Amino acid sequence: MELNLTRPLAFFDLETTGIKVATDRIVEICIYRINPDGATKIKTKRINPEMPIPKEVTAIHGITDEDVKDAPKFREVAHEFAQFLENCDLAGYNSNHFDIPLLVEEFLRTDVEFDLKGRRFVDVQNIFHRMEPRNLFAAYQFYCNKELENAHSAEADTIATYEILKAQLDKYKETSIKDRKGIIVQPIINDVKALSEFSFNSKNVDLIGHIVLNEKDQEVFNFGKHKGKLVEDVFRTEPSYYDWIMKSEFPLSTKKVITSIKLRGFNNKSVKLELF
């Protein structure tokens, strides 16, 4: 089943120096852009991460320091990729948890505008894990009946992810499941908005999910000693916790979110003081 698109959908995959969103860097990126008219365009590029690639990571994706020593730095191609992704919804495999947050970190370091507002995020892994819990290699074999060759190369993984999503649409087009509220629904439909909503396991406020919305749509911590507590309440009763986060290795995108919450709380407090 071909995708029903109202605007471009960009499948992408990153090979990196590691798995820490706040500190690791891109060494290879592939973007496969599908337009509403069915036209496609692919862009694959090696990136100099400006830091050593650990041997154990090279053992996974096969990219060495020597391979990227003459490659452009991300800041040198940031505008090119931002333009290529302009007006695109985003899709990938484990992209909501890792690829999108890390890509945003790279853009933030370069001060290149990459606005996520209004974009939809389709995470094929989340759809897969909720319907058939396995990994990318097994997903490709299960849905497409093919062996995934050159696994852990950005281009092979990106194309495989695109093919898996199309196969998921065919396989689950009339499949019903119970949602979190026990209601029978048919979640897999040929609509990027619906697929995006189904891709999320929680209501993230920041990209990586350190801050989420509770059942009352209030921002709460999703980690550490204050997990489940309202962010504004913690910052009011323990101001040093905000300072600790800002000095620690949290993603810049997370720091932006918690700073906006803290400033909002301060402004609300200021208004109350003026009123009384």
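The values are calculated or read from the model by the stated rules, or taken from the named source; none is laboratory data. In this text, all values refer to a predicted model and were calculated from it rather than measured experimentally. Counting neighbours? That spans all protein chains shown, and the Cβs are built from the backbone with ideal geometry, glycine included.
Is there a residue being aliphatic (A, V, I, L, M), over 13 Å from the mean Cα position of the chain (by Cα) and surrounded by 15 or more Cβ atoms within 10 Å (Cβ to Cβ) anywhere in the stretch 80-99? Taking every residue of the stretch 80-99 in turn, at least one turns out to be aliphatic (A, V, I, L, M), over 13 Å from the mean Cα position of the chain (by Cα) and surrounded by 15 or more Cβ atoms within 10 Å (Cβ to Cβ).
Within the stretch 163-211, being acidic (Asp, Glu) and either in contact (Cβ under 8 Å) with a residue 24 or more places away in the chain or touching a strand residue (DSSP E or B) at 6+ places or on another chain (Cβ under 6 Å) (or both) holds for Asp170, Asp179, Asp191, Asp206. Per the listing Ile53, Ile127, Ile63, Ile100, the residue uniquely assigned to a helix (DSSP H, G or I), at pLDDT 95 or above and assigned by TED's automatic domain parsing to the domain that holds Tyr32 is Ile100. Flag: Glu149 does not match the condition of being over 30 Å from Thr44 (Cβ atoms), part of a loop (DSSP other than H, G, I, E, B) and charged (D, E, K, R). Is it fair to say Asn214 is surrounded by 13 or more Cβ atoms within 10 Å (Cβ to Cβ) and touching a Ser or Thr at 6+ places or on another chain (Cβ under 8 Å)? Against the criterion (surrounded by 13 or more Cβ atoms within 10 Å (Cβ to Cβ) and touching a Ser or Thr at 6+ places or on another chain (Cβ under 8 Å)), Asn214 does not qualify. The single condition from (1) surrounded by 17 or more Cβ atoms within 10 Å (Cβ to Cβ); (2) closer than 30 Å to Tyr143 by Cα; (3) not hydrophobic (A, V, I, L, M, F, W, C) that Gln186 fails is (1).
Here Gly209 fits the description: in a loop (DSSP other than H, G, I, E, B), surrounded by 12 or more Cβ atoms within 10 Å (Cβ to Cβ), at positive phi and modelled with pLDDT under 95. Being more than 19 Å from Glu132 (Cβ to Cβ) and surrounded by fewer than 17 Cβ atoms within 10 Å (Cβ to Cβ) narrows it down to one of Ser202, Ser196, Ser176, so name that one. Among Ser202, Ser196, Ser176, only Ser202 is more than 19 Å from Glu132 (Cβ to Cβ) and surrounded by fewer than 17 Cβ atoms within 10 Å (Cβ to Cβ). Exactly one residue out of Lys73, Lys55 is surrounded by fewer than 21 Cβ atoms within 10 Å (Cβ to Cβ), in contact (Cβ under 8 Å) with a residue 24 or more places away in the chain and either of a type in the set (D, E, K, R) or closer than 28 Å to Tyr143 by Cα (or both): that is Lys73.
Annotation note: Cβ proximity below 9 Å between a residue of the stretch 226-242 that is within 12 Å of Ile258 (Cα to Cα) and in the same structural domain as Lys255 (by TED's automatic domain parsing) and a residue that is among the charged types (D, E, K, R) and not in a helix (DSSP H, G or I) (sequence gap 6+ or interchain) occurs for Leu230/Glu219; Val231/Glu219; Glu232/Glu219.
Yes or no: the stretch 164-179 includes at least one residue that is among the aliphatic types (A, V, I, L, M), out of contact with any Phe, Trp or Tyr (no Cβ under 9 Å at 6 or more places or on another chain) and at pLDDT below 90. Scanning the stretch 164-179, I find at least one residue that is among the aliphatic types (A, V, I, L, M), out of contact with any Phe, Trp or Tyr (no Cβ under 9 Å at 6 or more places or on another chain) and at pLDDT below 90, so the answer is yes. Determine whether Val27 is in contact (Cβ under 8 Å) with a residue 12 or more places away in the chain, touching a Lys or Arg at 6+ places or on another chain (Cβ under 7 Å) and surrounded by 13 or more Cβ atoms within 10 Å (Cβ to Cβ). The answer is yes for Val27.
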